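Colleague: Attaching a single structure in structure tokens format; questions to follow.
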Amino acid sequence: MTKTIDKEAVPLLQVRGLTKYFGSFAANNGIDLTIAHGEIHALLGENGAGKSTLVKMLFGVLQPSAGEIVWTGKPQTVTSPGHARSLGIGMVFQHFSLFEALTVAENIALSLDPKIPLATIAEEAAALSRAYGLPLDPSSHVADLSVGERQRIEIVRALLQNPKLIILDEPTSVLTPQEADKLFETLFKLKAEGRSVLYISHRLEEVQRICDRATVLRHGKVTGACDPRRETPASLARMMVGSEVAAVHRADANVLGATLVDVRRLNVPARTPFAVTLKDVSLRVRAGEVLAIAGVAGNGQGELFDALSGEYPVADAETIRMRDKPVGRLGINGRRMLGAGFVPEERHGHAAVSDMSLSDNLLLSRSQSDRTAFLAGGFASVIRHDTIRSAAKRICDMMDVRKSGDDPAAASLSGGNLQKFIIGRELDRQPSILIVNQPTWGVDAGAASRIRQALIDLARSGSAVVVISQDLDEIFEVATNIAVISEGRLSQPFPAGELTLEKIGLLMGGIHDSTHGGETAHAH
Amino acid sequence: MRIELEKRASASSLFQIVSPLLALVLTLLFGALMFWMLGKNPGHALYAFFIEPLLEVWSLHELAIKAAPLILIAVGLSVCYRSNNWNIGAEGQFTIGAIVGSILPVLVPQWHSPLVLPLMLIMGAIGGALFAAIPALLRTRFNTNEILVSLMLVYIAQLFLDWLVRGPWRDPKGFNFPQTISFAKEAVLPELLESGRAHWAIVFAIIAAVGIWFMMRYMLKGFEVTVLGRSERAGRFAGFSSRRMVWFSMMLSGAFAGLAGISEVSGSINHLQPSISPGYGFTAIIVAFLGRLNPLGIIVSGFILALTYLGGEAAQLSIGVSDKVTRVFQGLLLFFVLSCDTLILYRIRIVLSSDRAAVEGRS
């Protein structure tokens with residue numbers, strides 16, 4: 001009897017004044033957080049608000065600089081993830097730690113006591129996955145599984161430890177709407193058993209739909225604790241962002257010009273065993289159009305970008321045409337000289353070299369397209385550092401890039417500011433074609449809206465823009481037409497106004513047009 | 001318990017400059033310790049090793065002779081290493097450069113022309129470059145490891161030279177000594193000054209160092225080297241080809257090593273013999289790193305390492321220790337240079353509990 005009273009009085013987890021410094025920067029500053037038994041608690045915040053730091057301290061990956069963690073009434077120093085697990089804290093990371101070449105059961109076994117036989121683990125995992133509605137075949141190889149299925153492995157792996165608290169970091173960022181619904185059912189089952197869930201997200205509707213309480217972080221501090229169901233998305237966003245985010249302004253220029261990008265039946269074999277094969281991809285982008293390509297991560301977006309950018313030219317020159325010229329076999333600089341610009345997904349080590357200065361990073365993408373301005377001395381190609389530095393400064397001013405010093409290393413900029421620079425680097429050339437992969441991934445809301453606005457403005461000035469993105473909000477904000485990529489196939493494009501979230505979700509899940517069309521044709 | 005290296009948030013810019021000096025001081029300290037354990041007076045020994053060779057004109061000439069191949073090779077290697085290609089076989093390219101460069105004076109000694117010397121130097125450079133092209137070819141076509149291939153090719157080059165001077169190229173009037181005929185006057189790299197033996201190789205070395213410094217700092221090619229060395233993916237995005245960079249950097253460093261080889265044979269030895277190098281190609285790796293892969297720094301570090309060769313010879317005579325001490329000093333220096341550099345970028349952390357789960361904690 002007393003025990004149940006205790007249980008209700010003592011919260012499962014209480015965090016008091018938790019602070020974490022990285023150098024002089026407070027990533028978390030005096031965080032208070034209470035999680036009761038059997039609740040789904042949301043941790044809301046923008047990228048860089050300090051959510052990951054907080055969670056890493058709870059899971060023992062990082063040690064707090066100050067403050068305390070009270071677990072079931074007892075102050076604890078969580079020394080390691082192993083310790084966290086033994087206390088009853090399970091964690092599902094945003095980026096999975098799975099070996100693609102191993103089976104599901106083998107991957108689960110890696111995190112458990114090595115003495116337990118594999119067969120036992122497979123049985124337990126299968127039983128658990130059935131009980132929680134997480135269909136999973138323990139003997140299948142991870143490489144063959146969808147992202148949603150991979151996430152289930154991580155969840156089952158966490159559940160095998162019988163945790164009292166499960167932390168999920170941005171679990172739906174990689175899921176289709178339908179897969180997300182299934183995940184929510186599982187979460188409700190866990191809640192019904194009296195387990196608690198700490199649910200990290202920046203998707204407001206989701207949080208309102210499934211969470212009992214929410215704690216909002218901004219700049220490392222708690223800016224609000226509330227019942228999300230009593231708030232409006234706008235009021236939650238205010239707590240997250242601090243001010244109203246500038247809405248992206250668009251006025252559809254309905255007159256589209258000439259076709260600038262024309263891809264016909266592009267087939268690209270997978271370069272590595274875990275890459276995606278592009279199958280029969282066709283797309284057409286006209287001047288003034290933003291074609292958005294939606295899709296769950298890992299369905300061929302990277303491969304499509306590689307083929308469009310010319311980083312990996314394709315076998316048949318005619319399959320890709322830009323401004324009416326066959327460019328399939330042309331390298332990236334050849335395409336740039338035709339007026340195309342490219343922004344890859346990964347900022348560090350792809351779009352930019354982290355420990356090089358911004359001016360060097362400007363030269364990185366424009367050494368050939370701006371040869372006459374940036375290089376002197378003919379064959380010797382002597383770099384005009386002064387010209388490039390002033391061009392870099394112009395770009396920083398244009399895109400409002402916040403930086404310290406005149407020409408700092410790319411690594412010293414925040415993600416959002418570096419992305420603004422990388423986008424600005426291409427916009428500065430007034431490209432007639434711009435191809436962007438995940439333009440605002442990991443970028444704060446202010447920078448994201450500025451980048452989206454810049455993409456729309458570029459299209460309105462008569463360029464063709466391709467935006468590959470996982471973020472459906474972004475897609476609806478910028479797109480003229482939307483196509484969906486799934487397993488290396490691209491759907492036909494739909495005018496943005498005609499698509500609903502549900503329809504996109506179905507397309508993302510691989511329900512292809514062809515089958516759809518086939519059915520309708522059959523019916524008629 | 002285990003020891004981990006943890007990356008520092010930011011590297012101290014002061015220590016980045018001080019680090020090579022710190023490495024030198026530590027080398028001297030441990031050298032003194034070694035002499036003391038050998039029963040020698042450390043002060044006297046270090047003086048004989050590092051100061052005495054600097055006091056006489058003839059030994060300054062010797063210093064320049066020894067520094068020349070070190071600087072020339074290390075400058076080429078610095079381009080290689082900056083582009084993340086690991087040519088460890090400069091010793092072999094040096095040897096092949098010397099052999100190919102010696103074709104004219106050995107096989108057509110009757111051809112007397114002012115063209116002989118320039119042709120020899122060019123052929124030496126081409127020989128070295130072609131020999132370095134072997135690991136480049138295997139790397140780009142079959143993805144072999146260029147470290148192993150270039151290293152193993154050193155032994156092939158050395159044994160090939162050995163076979164040549166004992167067999168087909170042996171001087172018939174040489175009393176059966178394993179060496180070729182002596183080079184004619186036109187085939188000998190002239191001396192720089194009246195006062196001693198130092199020849200033009202040191203000039204080549206300085207020109208190469210300044211030229212490569214200019215390339216790395218001001219030319220697009222140098223930018224390409226740096227970008228591809230930092231991130232192949234970013235290099236591809238810039239339109240640079242990492243494959244072509246393998247060829248370029250390997251053949252450039254091979255050419256420089258080959259030029260060093262023929263210069264050494266033509267200027268200092270005047271014939272081919274089984275051993276033409278006290279390990280310049282390997283010591284140049286230390287030179288390159290001690291000079292922080294900067295061609296101007298390499299000029300300085302080249303002279304420092306050349307001093308260890310001279311000091312070794314001097315110490316053999318004056319204090320009676322083996323010339324293997326030279327190798328010990330060079331090894332100590334490389335060790336301290338690399339460890340000082342590592343500690344600039346990382347801090348050491350001792351982890352008491354072993355928890356393999358910690359590995360998982362990434363996000």
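Read the figures in this text as sums done on the coordinates, not as results from a lab. Just so you know, these numbers come straight off a predicted model, no measurement behind them. Glycine gets a Cβ as well: all are built from the backbone with ideal geometry, and neighbour counts include every protein chain shown.
Colleague: If you take every DSSP beta bridge whose two residues both sit in region A:259-523, what share of them, in percent to the nearest 5, is antiparallel? Can you show the working numbers first?
Modeller: Numbers: 18 of 36 bridges.
In region A:259-523, DSSP labels about 50 percent of beta bridges as antiparallel.
Colleague: With θ taken as phi - 60° and the coefficients 6.51, -1.76 and 1.60, list the Karplus ³J(HN,Hα) couplings across region B:92-97 in order, rounded to whole Hz; mark glycine and proline as x.
Modeller: x, 5, 4, 5, 5, x
Colleague: Sorted by mean Cβ packing within 10 Å, highest first, what order do the peptides B:219-232, B:64-77 take? Walk me through the numbers before you get to the answer.
Modeller: Numbers: B:219-232: 21.7, B:64-77: 30.3.
In descending order of packing, they fall as B:64-77, B:219-232.
Colleague: Using modelled backbone amide H atoms (1.01 Å from N, in-plane), which distant-in-sequence or interchain residues come within less than 5 Å of B:Met219's amide H?
Modeller: A:Ile383
Colleague: Next question, about the same structure. Tell me the relative contact order for chain A as a rounded percent, counting alpha carbon contacts under 8 Å between residues six or more apart.
Modeller: Computed over chain A, the figure is 14 percent.
Colleague: Sticking with this structure for a sec: Extending each Cα 7 Å along its Cβ direction at B:Phe30 and B:Val108, get the distance between those two points in nm, one decimal.
Modeller: Each label point lies 7 Å from its Cα, and together they span 5.1 nm.
Colleague: If you stretched the chain out fully between A:Gln430 and A:Ser139, how much longer would it get, using 0.36 nm times the residue separation minus the C-alpha to C-alpha distance? If you can, show how the numbers build up before the last one.
Modeller: Working: separation 291, 0.36 × 291 = 104.76 nm, distance 5.21 nm.
99.5 nm is the gain from fully extending A:Gln430 to A:Ser139.
Colleague: Under a crude label model (7 Å from the Cα following the beta-carbon direction), how far is A:His219 from B:Leu54 in nanometres?
Modeller: 5.6
Colleague: Let me ask something else about it. Count, for each residue of A:362-368, the Cβ atoms from other chains sitting within 10 Å of its Cβ, then give me the mean as a whole number. Each step should come with its number before you reach the end.
Modeller: Details: counts 0, 4, 9, 4, 1, 7, 3.
The per-residue average across the peptide is 4.
Colleague: Shape call for chain A from the C-alpha gyration tensor, a ≥ b ≥ c root eigenvalues: rounded (a/c under 1.5), prolate (a/b greater than b/c) or oblate?
Modeller: The shape class here is prolate.
Colleague: Averaging sequence separations of C-alpha pairs under 8 Å and six or more residues apart, then dividing by the length of region B:1-159, give the relative contact order as a whole percent.
Modeller: Working: 102 pairs, mean separation 33.3, N = 159.
About 21 percent, as a whole number.
Colleague: First measure r as the distance between the Cβ atoms of A:Gln178 and A:Lys279, then evaluate 1/(1 + (r/R0)^6) with R0 = 25 Å and state the FRET efficiency to the nearest 0.05.
Modeller: In this case the efficiency is close to 0.65.
Colleague: Antiparallel as a % of all DSSP beta bridges within the protein assembly as shown, to the nearest 5?
Modeller: Working: 47 of 83 bridges.
The antiparallel fraction comes to roughly 55 percent.
Colleague: Let me confirm one metric for peptide B:234-245, namely the mean number of other chain beta-carbon atoms within 10 Å of its residues' beta-carbons.
Modeller: Rounded to a whole number, the mean comes out at 6.
Colleague: If you don't mind, another one. Taking every DSSP beta bridge with both residues inside chain A, roughly what % is antiparallel (nearest 5)? Please report the intermediate quantities before stating the final value.
Modeller: Values: 39 of 75 bridges.
Taking every DSSP beta bridge within chain A, about 50 percent pair in antiparallel fashion.
Colleague: Neighbour counts of other C-beta atoms within 10 Å: give me B:Ile344, B:Ile147 arranged from fewest to most. Please report the intermediate quantities before stating the final value.
Modeller: Numbers: B:Ile344 18, B:Ile147 15.
Result, fewest neighbours first: B:Ile147, B:Ile344.
Colleague: Taking the number of other C-beta atoms within 10 Å as the exposure measure, put B:Asp323, A:Asp397 in order starting with the fewest. Could you put the intermediate results ahead of the total?
Modeller: Values: B:Asp323 15, A:Asp397 10.
Ranked by crowding around the Cβ, least crowded first: A:Asp397, B:Asp323.
Colleague: Taking the beta-carbon count within 10 Å as an exposure proxy, list B:Leu137, A:Leu160 from fewest neighbours to most.
Modeller: B:Leu137, A:Leu160
Colleague: To continue, here is another question. Calculate, for A:Phe22 and B:Lys173, the FRET efficiency according to 1/(1 + (r/R0)^6) with r their C-beta to C-beta distance and R0 56 Å; round to the nearest 0.05. Working shown, then result.
Modeller: Values: r = 76 Å, r/R0 = 1.35.
That gives a FRET efficiency of 0.15.
Colleague: With each run of n ≥ 4 DSSP H residues scored as -39500 (n - 2.57), what mean residue ellipticity at 222 nm is computed for the protein assembly as shown after dividing by its residue count and rounding to the nearest 500 deg cm²/dmol?
Modeller: Working: 33 runs with 423 residues, N = 887.
-15000 deg cm²/dmol, from helical runs alone.
Colleague: A 30 angstrom limit on the alpha carbon distance is what I want to check against. Which of A:Lys164/A:Lys420; A:Lys74/A:Lys221; A:Lys56/A:Lys403 exceed it? Each step should come with its number before you reach the end.
Modeller: Details: A:Lys164/A:Lys420 42 Å; A:Lys74/A:Lys221 24 Å; A:Lys56/A:Lys403 28 Å.
Over 30 Å Cα-Cα: A:Lys164/A:Lys420.
Colleague: Right, something else. When the Karplus curve 6.51 cos²θ - 1.76 cosθ + 1.60 is applied with θ = phi - 60°, which whole-Hz ³J(HN,Hα) does each residue of region A:107-112 get, with x for Gly and Pro?
Modeller: For region A:107-112, the Karplus curve yields 5, 5, 4, 4, 9, 10 Hz.
Colleague: So, by mean Cβ neighbours within 10 angstrom, what's the order for B:196-202, A:192-198, B:314-320 with the highest one leading? Each step should come with its number before you reach the end.
Modeller: Working: B:196-202: 20.9, A:192-198: 18.4, B:314-320: 16.1.
The densest-packed peptide leads the list: B:196-202, A:192-198, B:314-320.
Colleague: Place the peptides A:317-328, A:378-389, B:244-255 in order of packing, highest mean first, counting for every residue the other Cβ atoms within 10 Å and averaging per peptide. Each step should come with its number before you reach the end.
Modeller: Numbers: A:317-328: 18.0, A:378-389: 15.0, B:244-255: 24.9.
Put in order of decreasing packing, that is B:244-255, A:317-328, A:378-389.
Colleague: Okay, next question. How big is the gap, in Å, between the Cα center of region A:293-356 and the Cα center of region A:154-207?
Modeller: 36
Colleague: Calculate the mean, over all residues of peptide A:61-68, of how many other protein chain Cβ atoms lie within 10 angstrom of the residue's Cβ.
Modeller: On the way: counts 5, 1, 0, 0, 0, 0, 0, 0.
Going residue by residue through A:61-68 and averaging, the value is 1.
Colleague: If you don't mind, another one. How high is the FRET efficiency between A:Ser235 and A:Asp32 when r is their beta carbon distance and R₀ equals 22 Å, given to the nearest 0.05?
Modeller: 0.60
Colleague: Between B:Leu38 and A:Asp113, what is the spin-label point distance in nm, taking each point 7 Å from the Cα along the Cα→C-beta axis?
Modeller: 5.9
Colleague: Percent relative contact order of region A:2-241, based on C-alpha pairs within less than 8 angstrom and at least six residues apart?
Modeller: Taking the mean separation of contacting Cα pairs over the length of region A:2-241, I get 27 percent.
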